[in-house]
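Scroll down for the structure; my scribbles are underneath it.
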Amino acid sequence: MNQTVSIEFKYPKSGYAIDIGPDLLPASGEWAKKCLGGKAGKAALVSNAKVFGLYGDVIKQSLEKAGFDVFVCLIGDGEKFKSFKTLQKTLDNFSESRLSRTDVVVALGGGVIGDLAGFAASIYLRGVSFLQVPTTLLSMIDSSVGGKTGVNSSYGKNLIGAFYQPKGVLVDVRTLQTLPKRELTAGFCEAIKQGAIANRKLFDQTAAFLKTYNPKSFVRSFDNEDFVSGIVSLTGVQIAFKAEIVRGDERESPDKIDARSRKILNFGHTFAHALEKVTNYRYLKHGEAVGHGIRFAAELSKKLGLLSPNKVNLLNDVVRRAGTLPPIGNIDPRIVFETFKYDKKLIDNSLQWILLKDLGKPVIFPHADVPQSALMSTFKDITPS
């Protein structure tokens, strides 16, 4: 049942393995030591109070049993804590605890924890080792894979950060059993996004899983061996797709614009990041914003003559299977579109949309070729009164 996905880059030192399966946390100490070449020094365990209350003791005890000297660094829960202020507190904690170049930072939590802890690891002492233990579906299949780290600024999401690869990623799918339903919806929206840009097989596998297992019943489903095997399999193929894209374009080259550019992972994200920014990162989970972004990008693709109405309807149907998204009809679209100018995907002051010609056929489309009227009518169409 367990799976391993390996990522090897041009420089071997940045390659690592992603281990996937159930009940992996109790052996996380030996896993960490293996990832670090058999060394067990000091470990900064970065998490938030909620996640640490669920899994912190298991991880801490396992690390200590393997010989690590562990200190805990807790940050707030939520996107609003992915900030310079939190970063500074985290770095101060590292210094006060005398973390050294031969030690390790372990991120235990969702995407906010992983992004912030990874960025802190990348700049502390010009770089210390970093391990990811994601506990949300979104962080498992997306943010923990590929080495993007960072924090938000007052101008937008993820505008300050670094590419910094971990030494390993440990994905224990049992942690999904304690996720709130909104977090599950958020994660599956990210999975739908990846299926839509990958190929019809991954899209259909994701859609079929959601049809068989409603996120509302996940807590009970973990007693079902077929369900556990299915979620391991789906998580594995989702990670394998992300890993394939990252291998070929580790640092998202501005010059790479084909269908396997890392830019395609931004499908649904231009609109999503703008929604998060204008709602001050407090109203929508990231994946919920991506769900709205998928619907927006699909509808815009249709208006521009790229995607058939049937495929738009199919995408919308699968997004609905993931769960109910918070309404956005009360948000002024003009403010949302104004935020596009701060999108980190800007190249030569030009925004690039990731749209679809078909499922599994993403296309990079210049913002300059998108009429403002198309943007306004698309917003209206996905937010019916």
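Numerical summary
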read-out: Dimensionless Rg ratio for the chain, taking C-alpha atoms and the 2.2 N^0.38 Å reference; value: 0.95
read-out: Proximal charge balance of G287 [Cβ under 10 Å; K/R count +1, D/E count -1]; value: -1
read-out: Taking K148, K39, K303 and counting other C-beta atoms within 10 Å, the order from fewest to most; value: K39, K303, K148
read-out: Folded to 0 to 90 degrees: helix 181-198 orientation relative to the chain principal axis, Cα; value: 70 degrees
read-out: Average silhouette area of the stretch 289-383, convex hull of alpha-carbon atoms, in square nanometres; value: 6.1 nm²
read-out: Rounded to 10°, Cα long-axis angle of helix 309-322 versus longest principal axis of the chain; value: 40 degrees
read-out: Rg ratio (alpha-carbon, reference 2.2 N^0.38 Å) - the stretch 3-175; value: 0.93
read-out: Fewest-first sequence of W353, W31 by Cβ atoms within 10 Å of each Cβ; value: W31, W353
read-out: Relative packing of peptides 112-121, 172-181 - highest average C-beta neighbours within 10 Å first; value: 112-121, 172-181
read-out: Unsatisfied cross-links (Cα-Cα over 32 Å) in the set K89/K277; K242/K341; K10/K39; K167/K311; value: K167/K311
read-out: Aspartates and glutamates with Cα under 14 Å of K302, excluding same-chain neighbours fewer than 8 positions away; value: D358, D381
read-out: 3J(HN,Hα) from dihedral phi, the stretch 39-45, Karplus parametrisation 6.51/-1.76/1.60, rounded to Hz, x for glycine, proline; value: 9, 9, x, 8, 10, 8, 8
read-out: Point-charge dipole on Cβ atoms (K/R +1, D/E -1) for the chain, about Cα centre, debye to 20; value: 400 debye
read-out: Nonlocal amide H pairs with S129, under 5 Å, H built at 1.01 Å; value: D103, V105
read-out: Spin-label model distance (nm) - Y283 vs S233, 7 Å beyond Cα toward Cβ; value: 4.0 nm
read-out: Per-residue ³J(HN,Hα) for the stretch 135-141, Karplus 6.51 cos²θ - 1.76 cosθ + 1.60, θ = phi - 60°, Hz, x for Gly and Pro; value: 10, 10, 4, 4, 6, 5, 8
read-out: For G150, residues with placed amide H under 5 Å, excluding near neighbours; value: L116, F119, A162
read-out: Candidate aspartates and glutamates for bridging to K60, where Cα separation is under 13 Å - those fewer than 8 sequence places away on the same chain excluded; value: E30, D69
read-out: Positive minus negative residues near S308 (Lys, Arg vs Asp, Glu; Cβ under 11 Å); value: +2
read-out: Proximal aspartates and glutamates to K380, defined as alpha-carbon separation beneath 17 angstrom and excluding residues fewer than eight positions away on the same chain; value: E299, D332, E338
read-out: In Hz, Karplus ³J(HN,Hα) per residue of the stretch 209-219 (6.51, -1.76, 1.60; θ = phi - 60°; x = Gly, Pro); value: 4, 5, 6, 7, 10, 6, x, 5, 9, 4, 4
read-out: Charge tally in the Cβ shell below 11 Å around F119, where Lys, Arg are +1 and Asp, Glu are -1, F119 excluded; value: +1
read-out: Simple Cβ-charge dipole of the stretch 181-382, Lys/Arg +1 and Asp/Glu -1, about Cα centre, in debye nearest 20; value: 240 debye
read-out: Alpha carbon Rg of the stretch 181-382, scaled by the compact-globule rule 2.2 N^0.38 Å; value: 1.00
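Coordinate-derived values only; no laboratory data. Predicted model only: the values in this text are computed from it and were never measured. Glycine gets a Cβ as well: all are built from the backbone with ideal geometry, and neighbour counts include every protein chain shown.
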